[in-house]
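A.B. asks: Pasting a structure below so you can have a look.
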């Protein structure tokens, strides 16, 4: 997230919290696709991480992008930490370890998503080239230790860094050593939101398996297909994972708000200063827990919006839905991930077929699959069926959904072209993680260093 919200509208009741999400529905013809993608930043000379400050640095990249794009700089304590397009059509931000992220504009078609990603990568490479900087598109940092990884000067990250070791063993690895591709998608009603959230929560581990691309840690194979997926199993389970209440037939906005109320907060922002609030939940905040310790202790809508951005379930609800299960990956994956979900969720027949495919899956089934996919990848199972077989069916449903959308480019291709990387995985029965491990044991001669060339953008 590039910018924390400062909406000063006072909050007086719990009912107002779910009303924020209830503002989300829009007509189907106005559905859009918002894609987010992160990449590791490294020096080409020695594959070391790029620091925040200096002539060749993360801040220099941000300043270079600002000069070229004209977007508004976002600062924290006098440091540039991101850029925002003035009319809300995209943002650039930095993750805790310097991972460089584009939060794309809300776009109508996957053809536009692909063009946006290509343009962004081309521009950032152009600015980075004179500095000897490159970008790596995989899900987990293949070489650097946590200590070697730089820390970005962002107040919310300082608070998170102090808090994470208290609530799980892998939160700092999530922050500093992973990258993802995510997509934000719309819904037309509370009922539509619930249907989409339920089916995507169930299928999130299928995406984790298909996009698995983090088989190395500190220069060696880690025994996992998706290290990133494994990290999320023990980051902060009070705010992440699979949410059981989503499986209830009457699930709605209020259920998500009630859950969010009891998750510990990270911070509130007052007059540009971040106050650590990790000792209280939002419900306690609403009940006056900060009275006497912080000026302007009354909760605002901005506090709630910021709090929602610190929740990390496999599918996150705001005024839209965020698909959070996939590893970062190369350029073709940046389009493949939104294609997978748009095909499943934006066509009514495809959504119904995905619901039918997953109708018997229980919360326990889904959690068990989520626990095994990081290590077993496509060979994991749910209810005695392999993830590979489920992935085949899911991609077919997605393909039918994209075909039905019939959004074509100038050459007459519809959006199904963006599923080709996934179809290739299914034919080969091998993910990017499998491909990288084969290279490590073959041409790379037991070194991860070639990854910085072979998987660079």
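The values are calculated or read from the model by the stated rules, or taken from the named source; none is laboratory data. From a predicted model like this one, the values you see are computed outputs, not experimental measurements. With ideal geometry, Cβ positions are generated from the backbone for all residues, glycine too; neighbour counts draw on all protein chains shown.
So that you can scan it fast, the table gives a plain yes or no per residue for (1) out of contact with any strand residue (DSSP E or B) (no Cβ under 6 Å at 6 or more places or on another chain); (2) surrounded by 15 or more Cβ atoms within 10 Å (Cβ to Cβ); (3) at pLDDT 95 or above; (4) under 30 Å from residue 220 (Cα atoms):
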position: 392; (1), (2), (3), (4): yes, yes, yes, no
position: 399; (1), (2), (3), (4): yes, yes, yes, no
position: 411; (1), (2), (3), (4): yes, no, yes, no
position: 417; (1), (2), (3), (4): yes, yes, yes, no
position: 430; (1), (2), (3), (4): yes, yes, yes, yes
position: 446; (1), (2), (3), (4): yes, no, yes, yes
position: 453; (1), (2), (3), (4): yes, no, yes, yes
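A.B. asks: Out of 162, 151, 156, which single residue is over 20 Å from the mean Cα position of the chain (by Cα), over 30 Å from residue 332 (Cβ atoms) and touching a residue at least 40 places away in the same chain (Cβ under 8 Å)?
C.D. replies: The unique qualifying residue is 162.
A.B. asks: Now, a different point. Return yes or no: is residue 129 farther than 30 Å from residue 359 by Cβ, in contact (Cβ under 8 Å) with a residue 24 or more places away in the chain and either out of contact with any helix residue (DSSP H, G or I) (no Cβ under 7 Å at 6 or more places or on another chain) or buried (at least 23 other Cβ atoms within 10 Å of the Cβ) (or both)?
C.D. replies: Values: farther than 30 Å from residue 359 by Cβ: yes; in contact (Cβ under 8 Å) with a residue 24 or more places away in the chain: no; either out of contact with any helix residue (DSSP H, G or I) (no Cβ under 7 Å at 6 or more places or on another chain) or buried (at least 23 other Cβ atoms within 10 Å of the Cβ) (or both): yes.
No: the conditions fail for residue 129.
A.B. asks: Ok, one more. Anything in the stretch 296-319 that is buried (at least 21 other Cβ atoms within 10 Å of the Cβ), touching a strand residue (DSSP E or B) at 6+ places or on another chain (Cβ under 6 Å) and farther than 20 Å from residue 244 by Cβ? List them, or say none.
C.D. replies: Passing the criteria: only 303.
A.B. asks: Does residue 23 satisfy the criteria of being free of Cβ contacts under 8 Å to residues at least 60 places away in the same chain and surrounded by fewer than 17 Cβ atoms within 10 Å (Cβ to Cβ)?
C.D. replies: So residue 23 does not fit the description; no.
A.B. asks: Give the residues of the stretch 243-264 that are buried (at least 16 other Cβ atoms within 10 Å of the Cβ) and either modelled with pLDDT under 95 or touching a strand residue (DSSP E or B) at 6+ places or on another chain (Cβ under 7 Å) (or both), sorted by residue number.
C.D. replies: 243, 256, 261, 263, 264
A.B. asks: Now for a different question. Given the criterion at pLDDT 95 or above and under 24 Å from residue 310 (Cβ atoms), identify the matching residue among 76, 7, 46.
C.D. replies: Every option except 76 fails the conditions.
A.B. asks: Now for a different question. Within the group 47, 37, which residue is over 25 Å from residue 273 (Cβ atoms), part of a loop (DSSP other than H, G, I, E, B) and in contact with a helix residue (DSSP H, G or I) (Cβ under 7 Å, 6 or more places away or on another chain)?
C.D. replies: Every option except 47 fails the conditions.
A.B. asks: Still on this model: From the set of residues in the stretch 165-194 that are in contact with a helix residue (DSSP H, G or I) (Cβ under 8 Å, 6 or more places away or on another chain), surrounded by fewer than 19 Cβ atoms within 10 Å (Cβ to Cβ) and touching a residue at least 40 places away in the same chain (Cβ under 8 Å), which is farthest from residue 279 (Cα to Cα)?
C.D. replies: Once the filter is applied, the top-ranked residue is 188.
A.B. asks: Ok, one more. Looking at the stretch 273-356, what helices (runs of 4 or more DSSP H) fall wholly within it and have at least 3 residues that are touching a helix residue (DSSP H, G or I) at 6+ places or on another chain (Cβ under 8 Å) and farther than 22 Å from residue 404 by Cα?
C.D. replies: Correct list: 282-286, 301-308.
A.B. asks: Only one of 378, 419, 396 is assigned to a helix (DSSP H, G or I) and without any contact (Cβ under 8 Å) to a residue 12 or more places away in the chain. Can you tell me which?
C.D. replies: Going through 378, 419, 396 in turn, just one is assigned to a helix (DSSP H, G or I) and without any contact (Cβ under 8 Å) to a residue 12 or more places away in the chain: 396.
A.B. asks: If a residue must be more than 18 Å from residue 181 (Cβ to Cβ) and touching a residue at least 60 places away in the same chain (Cβ under 8 Å), how many such residues does the stretch 132-148 contain? Spell out the reasoning first.
C.D. replies: Step one: list which residues in the stretch 132-148 are more than 18 Å from residue 181 (Cβ to Cβ), which gives 132-134, 143-148.
Now narrow it down to the ones that are touching a residue at least 60 places away in the same chain (Cβ under 8 Å): 132-134, 143-145, 148.
Within the stretch 132-148, residues that are more than 18 Å from residue 181 (Cβ to Cβ) and touching a residue at least 60 places away in the same chain (Cβ under 8 Å) number 7.
A.B. asks: Which of the residues that make up the stretch 213-242 are assigned to a helix (DSSP H, G or I), closer than 12 Å to residue 375 by Cβ and either at pLDDT below 95 or touching a strand residue (DSSP E or B) at 6+ places or on another chain (Cβ under 6 Å) (or both)?
C.D. replies: Listed by number, the list holds a single entry, 227.
A.B. asks: When you check residue 106 against the structure, is it under 22 Å from the mean Cα position of the chain (by Cα), surrounded by fewer than 19 Cβ atoms within 10 Å (Cβ to Cβ) and in contact (Cβ under 8 Å) with a residue 12 or more places away in the chain, yes or no?
C.D. replies: Judged against the criteria, residue 106 is a match.
A.B. asks: Can you tell me which condition residue 53 does not meet? The list is (1) farther than 20 Å from residue 256 by Cβ; (2) surrounded by 13 or more Cβ atoms within 10 Å (Cβ to Cβ); (3) in contact with a helix residue (DSSP H, G or I) (Cβ under 7 Å, 6 or more places away or on another chain), and all the others hold.
C.D. replies: Just one mismatch for residue 53, condition (2).
A.B. asks: Would you pick out the residues in the stretch 437-457 that are touching a residue at least 40 places away in the same chain (Cβ under 8 Å) and under 21 Å from residue 99 (Cα atoms)? If you could, list the steps in order and put the result at the bottom.
C.D. replies: Step one: filter the stretch 437-457 for residues touching a residue at least 40 places away in the same chain (Cβ under 8 Å), giving 437, 440, 447-449, 451-452, 455-457.
The answer is 448, 449, 451, 452, 455, 456, 457.
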